[in-house]
Structures are given as structure tokens and as C-alpha cells.
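Let me begin by presenting the structure, written as C-alpha cells, before commenting on it.
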Amino acid sequence: MAKCMRRFLLANLALYFSVIAVAAATLDTITQHSSVRIGYIADEAPFSSSKGGANPTGYAIDLCGKIADEIEQQVPQLKREYIEMTLANGFDAVKNGQVDLLCGAITVNLKRREIVDFSQPIFLTGATALLRKDSPNYLQTLFLDNPAVRPVSERVASTRIIGVRANTTTGATLREALATQVSKTKLADFETHEDGLAALEDHKIDAYIADQVLLINLAARARDPSSLEIGDRLYTHEPYAIAMRRDDANFRLLADRALTAFYLSDDFLPLLETYFGAEAGPMLHTQIIMEHVPD
């Protein structure tokens, strides 16, 4: 009995100390290497994108930079290492310690929270559709508040294929919805948003579904932006945040303090206007201050 009790106590002590080690791991690792590893998703402008081997840019990248600034108060001469990830491997990279922060248009949900933790929200949007002006009428009615009556391509109308980026929460939601009903509509996965846009413009799909804020930026890069329409009806709730390792409350608190201080600074509104425009900036500023800044 005494031996069993001793083994029980030793096992619990080992578990306790392993939890303590995990909780301190992020900042300890950063301190040890004098480097913070910032993972990013390359194809998510205006949140994160990269060109020609240069460091990534975007709204989420800049916010991760503010967290790095806060870390630098404790780790002088901190280096910032940017590592390109995908939605398919990014969360495991955070979990396994390959990156310290994962930045992009990253939606928080319960399934992902089984793998990683998240900062306080950095943005809020929802899923809708990017359509051609000759996309089928049922899609126009579904995604537009005031759809116009226009000629529809017969070839497109018979296709009934909707595109979505692979490994996204939007794609998972659509698959779940289609699985519960008999439907001729099929989903096509694309590795990048650019691939989905090309398929839409080439009449290979009827619509491309993604978060509205991403579609606005994507449509602006189309061959003929005037031929496209962006849905004004949102069908999902997509809060974005920065992913980090679980079981590290101190590191998350550091990140949230850095974000809150920046949200309340005079520099936050100009950043919003840089990435989302002078018209949307003040509205987004008010929304984030009201909904995402802790008391």
C-alpha cells in the first residue's frame, strides 16, 4: 500500500512539473534563442501575404510585430524569424513548438482550441460569396440583398460547383450543411484563394466562398473586377486571433497586453485605414475597441 501511494505521489509530482515546464516554455525558448518565430499564412491579404522572398506584410503580421515588441522588453536584441506555413500544418507547428505565433486570417473555433490557444480577437468577419455577374440566379438571391436580374450563362447554371479554400472553417461548415440535404451542388477545394479566383473567372465554378474581408481584397486583384460581385449577406461568424501554444497563460497575457495597449494607442486607427481603407477604418476601430478590449 505504501509503495502504491508513493508511486501515485511521484506520478502526480512528475505531471505537475511537466505542466509547469510547458507553461514556461514559450518565453523561455524565445529567451534561449533570442528569437521569436512568427509563422504566417502567405495567401491571406490584407492579413498576411508575402512576395519575392521579402518579409511578410499585413494587418495580422503588424499585430504579431507588436507582440514581438513587447517580448523585446524582456529579451533585448530580439530577432524575428518569419516562417511560411499553411492552414493544413500551421496549428501543429504551433503545438509542436516550431513557431511561437501563427498570424493570418485565422478563425477561432473549438476544434482548433483543442490544439492551440488564441490571443484576444483581432478582427471579426463572416463568410459570403464572390460571384460573377452572370452566376446562377439562386446564388445571387442567396448572397445578395438586392440581386439584379441579369442574363445567366447556361453552361455555368448547369455546373453548380462552389469553390472554397481547403482546410478552412468555411469549407468545413459548407460540407456539414450539404451533408444534411440532397443537393446537386458540389464543393471544389483550392489550395489558394488565387486559384479559386481564377476558377471563378474561367467559369469552372459558380461562386467562391470565403470570409468577406478576404474576398474584398481578392476581387480587387481580379482580371476584371467590374465583372464580379461580393455578397453582402454573411452566413458565418468568424472571429480572427493569433494562435499560440496551449497551457501558457503568462505568454498569452503578454500577447493580450501588447494588443490592448496598441488598440488604445493613437497608431491603431491609421493601421486599420492602411489595410481596410479610410472609410471602413473608424467603424472597425470602434468595433474592436468595444468588443475586443478587456476591461
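The values are calculated or read from the model by the stated rules, or taken from the named source; none is laboratory data. These numbers come from a predicted model, not from an experiment. Neighbour counts run over all protein chains shown; Cβ positions are idealised from the backbone, glycine included.
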Next on the checklist: Restricting to the stretch 197-235, name every residue that is among the aliphatic types (A, V, I, L, M), surrounded by fewer than 17 Cβ atoms within 10 Å (Cβ to Cβ) and closer than 11 Å to residue 126 by Cβ.
Outcome noted: 234
Item to check | Residues (loosely packed, with under 15 Cβ neighbours inside 10 Å and either without any contact (Cβ under 8 Å) to a residue 24 or more places away in the chain or under 25 Å from residue 277 (Cα atoms) (or both)) located in the stretch 34-68 | outcome: 51, 52, 53, 54, 55
Checklist entry - How many residues are of a type in the set (D, E, K, R) and not in a helix (DSSP H, G or I) if we restrict to the stretch 93-148? => result 7
Checklist entry - Taking the stated definitions as given, is residue 238 over 24 Å from residue 122 (Cα atoms), touching a strand residue (DSSP E or B) at 6+ places or on another chain (Cβ under 6 Å), crowded, with 18+ Cβ neighbours inside 10 Å and touching a residue at least 60 places away in the same chain (Cβ under 8 Å)? => result no
Checklist entry - So how many residues does the stretch 222-245 have that are of a type outside the set (S, T, N, Q), assigned to a loop (DSSP other than H, G, I, E, B), out of contact with any Phe, Trp or Tyr (no Cβ under 6 Å at 6 or more places or on another chain) and at pLDDT below 95? => result 4
Item to check | Among residues of the stretch 262-292, those that are out of contact with any Asp or Glu (no Cβ under 8 Å at 6 or more places or on another chain), of a type in the set (A, V, I, L, M) and either part of a helix (DSSP H, G or I) or not assigned by TED's automatic domain parsing to the domain that holds residue 64 (or both), counted | outcome: 7
Item to check | Selected residue (only one of 55, 12 is out of contact with any Leu (no Cβ under 6 Å at 6 or more places or on another chain), at pLDDT below 95 and outside any helix (DSSP H, G or I)) | outcome: 55
Checklist outcome for this item: Taking first residues from the stretch 160-177 that are over 9 Å from residue 189 (Cβ atoms) and second residues anywhere that are among the small types (Gly, Ala, Ser) and modelled with pLDDT of 90 or more, the pairs with Cβ under 7 Å that are 6 or more apart or on different chains are 161/188; 162/207; 170/127; 170/210
